[in-house]
Amino acid sequence: METANDFLFLNEDMANKFNPFYEGQYLVIQTLPRNIELRVEYRSHDYYKAKSRCDIENFAHDYTSFGLRIFHQGQLWRVNCSGEATVLSKQQNWDVHPDYLAVHYNQNSDGEIVVHECSYPYFDSLKLTVNRYGESAEYWQPLTCLQSDNGREIDKCPNCGYSLIDDQDEEDEDTPVACIGCSNYHGELYGDAQLICAIHPYGCSDQICPDFEDNKNA
Ligand SMILES: [Zn+2]
């Protein structure tokens, strides 16, 4: 028996939302602005149809961009001018874990899903830290939030490799004078203790360190 829902799938837009993708299918996806969920405007096994639809969409919208991808081996790929898969697309159909979505849409929670420039969604959660002087501070810790990979603390985007945390300023503030520009300098906190470097774990007592190695020569 057909229900009202079955008829929804006759509508192209609804079908695009719910149907799985098929091997070799061309997808016209929204590339900008990026959303948590992939927005598929059009799908076809015909490369030229998909290509022209992509051009039309780009022509018709001023503030939204569209791109053409092919669904191949379970992922989205960029295509060459004959419609063959070339390189893996940075933008994928990311499958966000429902728990993170629930927190994201909860107005009272201290966390949200952020979509990286490359399209990768991660979860930013507010954490409390106490430094070695007993001062507390809040900071944002990015976490993975995909169905298949969630709850991992990350500093870099797993999709494109760019840094997700802007820690450059803090690092400069805490870096001992003797260590600035030294390739041995580590400086990360382990609990309360800061590991300065492998040679001088507690730092060098002098302003000039005998083991200084210039970053630029490394
Ligand atoms: Zn990224």
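Remark: region 169-217 is approximated by an ellipsoid whose semi-axes, taken from the C-alpha gyration tensor as √(5λ), come to 17, 12, 10 Å, largest first.
Close amide H pairs (under 5 Å, H built 1.01 Å from N) link Val96 with Gln147, residues at least 5 positions away or on another chain. Highest GNM mean-square fluctuation among Asp62, Asp149, Asp46, for the chain modelled with Cα contacts below 10 Å: Asp62. Placing +1 on the Cβ of every Lys and Arg and -1 on the Cβ of every Asp and Glu, with nothing else charged, gives the chain a dipole about its Cα centre of roughly 1180 debye. The mean accessible area for residues of the chain, using a 1.4 Å probe and ignoring ligands and nucleic acids, is 67 Å² per residue. Comparing Tyr133, Tyr202, Tyr47 in a Gaussian network model of the chain, where Cα atoms under 10 Å apart are tied by springs, the biggest mean-square fluctuation is seen for Tyr133. Entry note, the chain: the mean residue ellipticity at 222 nm calculated from DSSP H runs of n ≥ 4, each adding -39500 (n - 2.57), is -5000 deg cm²/dmol after division by the residues and rounding to the nearest 500. State which entries of Lys127/Lys156; Lys90/Lys156; Lys51/Lys156 exceed 22 angstrom in Cα-Cα distance in the structure shown. Correct reply: Lys51/Lys156. Once Rh is set to the Kirkwood radius over Cα pairs, what Stokes-Einstein translational diffusion coefficient, in µm²/s, holds for region 98-165 at a temperature of 37 °C and a viscosity of 0.692 mPa s? Result for D is 256 µm²/s.
Per-residue Karplus couplings for region 23-33, computed as 6.51 cos²θ - 1.76 cosθ + 1.60 with θ equal to phi - 60°, are listed in order as 3, x, 7, 8, 10, 9, 10, 6, 9, 8, x Hz, Gly and Pro entered as x. Relative to the compact-globule estimate of 2.2 N^0.38 Å, the Cα radius of gyration of the chain comes out at 1.41. The calculated FRET efficiency for the pair Ile208 and His186, based on their C-beta separation and a Förster distance of 25 Å, comes to about 0.85.
Using a Gaussian network model of the chain in which every pair of alpha carbons under 10 angstrom is joined by a spring, one finds that among Val87, Val79, Val115 the greatest mean-square fluctuation is at Val87. Could you look at region 73-170 and say what percent of its accessible area is carbon and sulfur, using a 1.4 Å probe and all protein chains? C and S atoms contribute 44 percent here.
The values are calculated or read from the model by the stated rules, or taken from the named source; none is laboratory data. Quick caveat: nothing in here was measured; it's all calculated off a predicted structure. Reconstructed Cβ throughout: ideal geometry from the backbone, glycine too, with neighbour counts over all protein chains shown. Side chains are part of the model used for accessible areas, which takes the heavy atoms of the whole protein and leaves out ligands, DNA and RNA. Shrake-Rupley method; radii C 1.70, N 1.55, O 1.52, S 1.80 Å.
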